[in-house]
Amino acid sequence: MSHPAFWFKQALEIEQPQLAQPLQQDIDTDIAIVGGGYTGLWTAIMIKQQAPQTRVTVIDKGLCGSGASGANGGCMLTWATKFPTLKRLFGEQQAAWLVQESEQAVLEIDQFCQQYGIDAQLSLKGVYYTATNQAQKGGMQPILKELERLNVNSWRECQPSELHQSAGSTKHIEGFHSPVAGSVQPALLARGLRKVALELGVEIYENTPMTQLEFGQPAIVRTPQAKIHAGKVVLAMNAWMVEHFKQFKNTIVVVSSDMVITEPLGDKLAQSGWLPGSSVLDSRIFVHYYRDTPDGRLMLGKGGNQFSFNNQVDAMFNKPSRYQAMLSKAFANLFPKLAGAKLEDCWTGGSDRSTTGFPFFGHLDKQDNIVYGFGYSGNGVSQTRIGGKILSSMALGLNNSWTQCGLAQGPRGAFPPEPFRWVGAMMVRNAVRRKEEAEDNGQKSLVIDKWLAKLAGPAGKADKL
């Protein structure tokens with residue numbers, strides 16, 4: 001059953017685009033980009049900004065933004081709370097630099113939307129990172145201490161009164177706020193990027209899947225009706241990379257993020273204690289995240305529910321969420337003042353979870369003219385702009401801080417093969433659920449559940465030092 005994400009349906013209703021035309025004749029291009037989501041469109045735009053005479057062609061198997069870019073929660077977050085893992089992977093200096101760049105990306109997206117007149121319902125009211133039970137308390141302090149020491153800290157601790165008046169729920173018992181974060185209607189942003197790319201001279205062909213990639217100079221991208229001869233190829237396909245290139249099949253786990261959204265709530269939302277434009281995340285390993293919309297809706301999402309066996313990606317998209325009951329229960333628990341609010345829609349989106357929790361970029365099979373990037377692990381709305389900087393630099397053959405950074409050195413580690421990956425993921429997911437349910441009830445969790453939950457690694461929003 002086709003069930004596009006609420007955001008994408010809304011974006012198309014606003015845009016009323018012309019019927020998308022697939023590529024129907026062979027073409028030559030300087031750079032072919034496969035994938036018309038955030039990463040592909042940012043890359044195309046940045047190539048044209050740096051080298052305006054370059055012929056850039058984007059293809060997408062559906063409509064631009066119809067994948068993960070138009071189905072996510074729309075929270076524009078940074079890598080600040082993941083500093084410990086960044087430090088472990090890349091060293092202290094580069095970790096601090098990546099934190100700063102992830103914050104800069106949020107501000108740059110806002111500036112970009114203003115410059116090009118993209119109405120993506122973007123709000124820069126920041127994010128609250130909270131604890132909702134005693135076991136979750138205390139995790140942020142050591143991270144903030146490190147960030148402060150390196151002079152890259154944007155967070156402050158909040159008083160309970162502020163949390164209750166601004167974050168919409170009295171369940172929050174500890175919280176921190178960063179002003180360098182925001183929310184956006186994700187599909188409107190993707191379609192806005194498409195519009196700007198076209199204005200800059202990028203050629204875009206939708207409903208044009210890649211059926212085969214042939215190495216060589218030039219490389220050949222085959223589609224159902226035509227071939228593209230390309231000097232360079234950028235693969236920006238998100239989790240669909242694993243369906244085309246089996247060498248990546250164990251580098252990610254495709255995991256769902258499920259969302260519900262209310263009808264417009266009118267005055268009820270403000271009366272519940274909600275600061276318009278805010279975003280909130282709790283301290284769970286598989287977090288709850290929520291935000292409002294300009295028309296007064298409240299969206300609640302939760303990651304880490306469904307793990308795809310053998311990384312089948314399409315099972316995660318264009319379907320109603322099978323976890324609506326779980327999300328409804330979480331909504332009622334967090335927002336008792338909104339009891340009776342109608343949940344108007346629900347949907348699921350897929351996330352390409354890497355072993356590190358960070359995206360990775362590189363050259364495909366050591367081909368100098370074919371580059372790729374994916375693995376955003378549920379933190380991609382603003383980070384895809386960083387991906388665009390890396391991939392545009394690689395495609396243009398630049399030697400700069402982006403092509404030399406730790407993210408541009410390919411995958412770091414792999415998951416076990418099937419069926420061990422899926423069985424292991426289920427064991428860890430269920431242990432996390434039992435552990436966090438016990439903590440919510442003020443009970444001690446089982447030792448085995450604590451041990452298994454640690455295997456979830458940096459999937460949570462705030463890493464432990």
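Throughout, read-outs are computed from the coordinates displayed, never taken from laboratory work. Everything numeric here is computed off the predicted structure, so don't read it as measured data. Don't worry about glycine lacking a Cβ; one is built from the backbone with ideal geometry, like all the others, and counts go over all protein chains shown.
Looking at (i) 0.99; (ii) 1.06; (iii) 0.95, which value of Rg/Rh (Cα atoms, Kirkwood Rh) comes from a calculation on the structure shown? So the calculated entry is the one marked (iii). Hey, if you drop one equal point scatterer on each alpha-carbon of region 164-263 and run the Debye formula without solvent, what base-10 log of I(q)/I(0) do you get at q = 0.17 Å⁻¹? For the requested q values the scattering log ratios are -1.08. Computed on the Cα atoms alone, the convex hull of region 1-150 gives a volume of 200 cubic angstrom per residue. What separates the Cα centres of region 1-76 and region 266-339 is a distance of 26 Å.
Each residue, L19 and Q165, gets one label point 7 Å from its Cα in the Cβ direction; the gap between the two is 5.6 nm. Between M426 and L124, full extension at 0.36 nm per residue minus the direct alpha carbon distance yields a gain of 105.1 nm. Ellipticity at 222 nm from helices only: DSSP H runs of n ≥ 4 in the chain, each -39500 (n - 2.57), divided by the residue count, give -9500 deg cm²/dmol.
For the chain, the longest principal axis of the alpha carbon atoms and the long axis of helix 6-15 meet at an angle near 50°.
Want the number for Q443 to K337: 0.36 nm per residue separation, take away the alpha-carbon distance, what's left? Could you put the intermediate results ahead of the total?
Details: separation 106, 0.36 × 106 = 38.16 nm, distance 2.59 nm.
35.6 nm is the gain from fully extending Q443 to K337.
Each of T355, T208 was scored by other Cβ atoms within 10 Å of its Cβ. Listed from fewest to most, they are T355, T208. Centre-to-centre, using Cα atoms only, region 98-147 and region 424-457 are separated by 27 Å. Taking the C-alpha atoms only, the angle from helix 92-116 to the longest principal axis of the chain is near 70 degrees. For the pair H363 and K454, label points projected 7 Å from Cα toward Cβ lie 4.0 nm apart.
Count the DSSP beta bridges whose two residues both fall in the chain, then state the antiparallel fraction as a percent rounded to the nearest 5. Could you put the intermediate results ahead of the total?
Values: 47 of 68 bridges.
Here the antiparallel bridges make up roughly 70 percent for the chain.
Expressed as an acute angle from 0 to 90° and rounded to the nearest 10, what is the orientation of the C-alpha long axis of helix 324-334 relative to the principal long axis of the chain? For 324-334 against the chain, the angle is about 50 degrees.
What ranking of R433, R194 emerges when the number of other C-beta atoms within 10 Å of each C-beta is taken as an exposure proxy, fewest first?
Numbers: R433 18, R194 26.
So the residues, fewest neighbours to most, are R433, R194.
Residues I252, I118, ranked from the fewest to the most other C-beta atoms within 10 Å, line up as I118, I252. The HN-Hα couplings worked out from phi for region 135-151 by the Karplus form 6.51 cos²θ - 1.76 cosθ + 1.60 (θ = phi - 60°) are 5, 7, 5, x, x, 7, 4, x, 5, 4, 4, 5, 5, 5, 4, 9, 6 Hz, whole numbers, x standing for Gly and Pro.
May I ask you to compute the full-extension gain from I220 to R412, defined as 0.36 nm times their residue separation minus their alpha-carbon distance, rounded to one decimal in nm?
On the way: separation 192, 0.36 × 192 = 69.12 nm, distance 2.84 nm.
Length gained between I220 and R412: 66.3 nm.
In this structure, the residue pairs whose Cα-Cα separation is over 19 Å, taken from K337/K444; K268/K337; K82/K249; K61/K366; K246/K302, are K337/K444; K82/K249; K61/K366; K246/K302. Extending 7 Å from the Cα toward the beta-carbon at both Q53 and H229 defines two label points whose distance is 2.0 nm. Here the dipole of region 6-408 is about 840 debye; that uses its Cα centre as origin and unit charges on the Cβ of Lys and Arg (positive) and Asp and Glu (negative).
Could you grab the relative contact order for region 6-408? Cα pairs under 8 Å, six or more apart, rounded to a whole percent.
24
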